[in-house]
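Values quoted throughout were computed directly from the atomic coordinates according to the rules given, and no laboratory measurement underlies them. What you see is a predicted model, and the numbers here were worked out from it, not measured in a lab. Neighbour counts are summed over all protein chains in view; Cβ atoms, including those assigned to glycine, are modelled from backbone coordinates with ideal geometry.
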Amino acid sequence: MKLAFVAMLVVACSAGEPGPGIDVDRALAHARELVGMGPRVGNSDAAKRAAAYVEHQLPHASRAHVGTIDLPEIRVLGTVHRNAHRTVTSDPNLVARYGPRAGKALLFMAHYDSVPASPGAIDNAAAVGVLIELARVLDESPPAMPVIVAITAREEDGLIGAEALAAELGAEVDFAIALDLIGGDGDLVLNGAGMRIGYAEMRWLAAAADRAGVALRAPLAHRVVSRWWPQAERSDHGAFTRRGVRGVHFYHRGNDGELVDRAYHTKLDRFERIERGSVDEVGRLIRAIVDEPPPEHDGDGFWVPQLANVVVPRWALVAFAIALLLVAIALLVRIGREQREDERGAGLLLGSACVAVAFIAVYALERSALAEHPRAWLHAPAYFVIAEALVLAGVIGLASRLVARVRPWIGARRYLVVAIGVLLAFGVFWLVVGAAELAWIWLVPAASASIAPLLGRARVIALLPTLLPALLVLAPSQLREAAWNGFAPATMPLVAWVALVGLPPIAAAAYAFRRHSGPLGTFLLPMGWALSIAIGAAMEIRYESPCSASQFHQLHLTCEISSGV
Ligand SMILES: [Zn+2]
């Protein structure tokens, strides 16, 4: 079993030969044609023209009436995101069938509408172009299983076309795949993999990606979100997922080297932004998917983050997390037993006070530096994380030196216990709420740090992983993506994020570097800490935001690429 995993890793990490794809030139020509029609808002003339174009280009297309649709309420964590309501549309879905008629079908969807004012190139003309060309391939060489291609109406205002399609075809569909936000320059990612998508389904998709020579990845937290809140899926597959039909969504994660597309839903979503290579990649992936029918569901799975096309059974992930947990707890107990009550001196309480003072100072600085535009740090998260880390380290350093002049520090192992305890608390929280996909980020450093006392001078190596949650959570692209997708509370200051993931490495550092005496401790170090504070503070105060608060309020990160959208 273990060897099989290793073999899978090796296979998955080597880039495969590109498999056959679709006619990219023609797919791009379709996209250009649709974009040229301008915004294709529901029930508009442009939407009607787009539907007519698709009907003309999609082999064997038939118009499927959408008409009156009752949209259900969407509620997440007690908050109503959409009220239940009825809507009427005159825009049709365009549906075409290929291969045998008997048996359950594989369904591909892409919506042809766009939001008002947006030419809708990456969202979603490129995907429509890709599916029209997939359909031509399927028409010329019919697939072994029934395949339905549906170009849907009015995805943008409530998955309306897909709701009609799911109500009508739901029972006929084995697996539904939505292409939405295709053609950006970021990773091609698997999204919307909810409860019904397990190990077998992921292996099926990963094997197709391997055959296509395409790297398919899954963002860290998306699987968690999709399992918790299937009602909130934001693309056409969601209408099927809600009805118990297996479904996923593929998209290109971001543009301009980011995990977000700042032109999304704006007039900047122009044809020129579509990447030819990305269109080709999606074409190859979906052609490979058509070659093998979807498998029977067989247990849950875990799409290993960062790596391409690597899937392990979910039990392996949970077992790994529990093993880490047990190691950390066992060693924590051992550390506790060895803890001796030393002579009276500065201990955990004073250390915590130093850290609290530092965080308050950083918070005050952030408030004053960003008074005009409280979220300006989102324009340059790395810059602000560095600035705040400098101030934080400086204040903690100075305060702890001051305390040390009065009372000697004792019980350094307590800091280690704090570091491990905080990491364990987060790890256990994620495990308990069913998000093993995230638990390992805290449990790996917890287990690693608990080994530190056994390593003597090499303990720093075991403590380095305490930085892992900070590196992942505070990664600029991750912070911007979380904020863009509404997962980060708008009012949360950066310092709160830093505090959330910063405590374990701070406590670990207090444990690792507990002794410094002589001239270094009394003169050079305090000078260094003071300099650190000065540099960090100057960085924050001198920062000039590319957008005003009102521009940001109106346009979010889009304000960075255009002030006149
Ligand atoms: Zn879309």
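If we count other beta carbons within 10 Å of each Cβ, what is the order of Asp300, Asp174, fewest first? Mind showing how you got there, number by number?
Working: Asp300 21, Asp174 15.
The fewest-first ordering by Cβ neighbours comes to Asp174, Asp300.
Rounded to the nearest 0.05, what FRET efficiency do Gln554 and Leu348 give with R0 = 41 Å and r taken as the Cβ-Cβ distance? Could you check?
0.30
Just need the relative contact order of region 436-482 here, percent rounded to a whole number, with Cα pairs under 8 Å and 6+ apart. If you can, show how the numbers build up before the last one.
Values: 32 pairs, mean separation 15.5, N = 47.
For region 436-482, the relative contact order is 33 percent.
Going by the alpha-carbon gyration tensor, a ≥ b ≥ c the square roots of its eigenvalues, is region 193-232 rounded (a/c under 1.5) or, if a/c is not under 1.5, prolate (a/b greater than b/c) versus oblate?
prolate
Considering only DSSP beta bridges with both partners in region 24-162, what is the antiparallel share in %, to the nearest 5?
On the way: 16 of 22 bridges.
Given both bridge residues lie in region 24-162, the antiparallel proportion sits at roughly 75 percent.
Could you tell me which chymotrypsin sites (Phe, Trp or Tyr not before Pro) in region 71-133 are loop residues by DSSP with no more than 12 other beta carbons within 10 angstrom of their beta carbon?
none
Which value, in debye to the nearest 20, describes the size of the charge dipole of region 313-398 about its Cα centre when Lys and Arg Cβ atoms bear +1, Asp and Glu Cβ atoms bear -1, and nothing else is charged?
320 debye
Would you please classify the overall shape of region 417-565 from the alpha carbon gyration tensor, given that a ≥ b ≥ c denote the square roots of the eigenvalues, rounded means a/c under 1.5, and beyond that prolate means a/b larger than b/c while oblate covers the rest?
Taking the square roots of the gyration eigenvalues as a ≥ b ≥ c, region 417-565 is oblate.
If each residue of separation counts as 0.36 nm, what is the full-extension length gain between Ala490 and Arg63 once their alpha-carbon separation is subtracted?
149.5 nm
How are the alpha carbon pair distances in region 51-135 distributed across 10 Å bins from zero to the largest one, expressed in percent?
The percentages, shortest bin first, are 14, 34, 35, 15, 2.
Between Phe429 and Leu402, what FRET efficiency comes out of the Förster formula 1/(1 + (r/R0)^6) with R0 = 41 Å and r the beta carbon distance, rounded to 0.05?
On the way: r = 35 Å, r/R0 = 0.85.
E(calc), rounded to 0.05, equals 0.75.
Mind running the shape call on the chain? Use the C-alpha gyration tensor, a ≥ b ≥ c as the square roots of the eigenvalues: rounded below 1.5 for a/c, prolate if a/b tops b/c, oblate otherwise.
Prolate shape, in that a/c is at least 1.5 and a/b is the bigger ratio.
What angle, in degrees between 0 and 90 and rounded to the nearest 10, separates the Cα long axis of helix 126-140 from the longest principal axis of the Cα atoms of the chain?
50 degrees
Compare the Cα positions of Ala200, Gly36, Gly283 along the charge dipole of the chain (+1 at Cβ of Lys, Arg; -1 at Cβ of Asp, Glu; about the Cα centre) and return the one farthest towards the positive end.
Ala200
What is the antiparallel percent of DSSP beta bridges lying wholly in the chain, to the nearest 5?
Details: 24 of 43 bridges.
Beta bridges within the chain, antiparallel portion: roughly 55 percent.
If you place +1 on the Cβ of every Lys and Arg, -1 on the Cβ of every Asp and Glu, and leave all else neutral, what size is the dipole of the chain about its Cα centre, to the nearest 20 Debye?
Charge dipole of the chain: 2320 debye, to the nearest 20.
Determine the distance separating the Cα centre of region 136-178 from the Cα centre of region 382-401; give it in Å without decimals.
54 Å
Which whole-number percent is the relative contact order of the chain (Cα, under 8 Å, 6+ apart)?
That works out to 14 percent.
Place +1 on the Cβ of every Lys and Arg and -1 on the Cβ of every Asp and Glu in the chain, take the dipole about the Cα centre, and give the residue among Ala166, Leu467, Val225 whose Cα lies farthest towards its positive end.
The Cα lying farthest towards the positive end belongs to Leu467.
Quick one: which residues, 5+ away or cross-chain, put their amide H under 5 Å from the amide H of Arg262? H built at 1.01 Å from N.
Under 5 Å from the amide H of Arg262 lie the amide H atoms of Asn255, each far enough along the sequence or on another chain.
Would you compute, from DSSP H runs of 4+ residues alone, the mean residue ellipticity of the chain at 222 nm, taking -39500 (n - 2.57) per run and dividing by the full residue count, rounded to the nearest 500?
-16000 deg cm²/dmol
In whole Å, what is the distance between the alpha-carbon centres of region 208-227 and region 26-71?
28 Å
As I understand it, the value is the acute angle between the Cα axis of helix 45-57 and the longest principal axis of the Cα atoms of the chain; what does it come to in degrees, rounded to 10?
It works out to around 70 degrees.
Where the centre of each part is set by its Cα atoms, how far does region 443-502 sit from region 303-332, in angstrom?
17 Å
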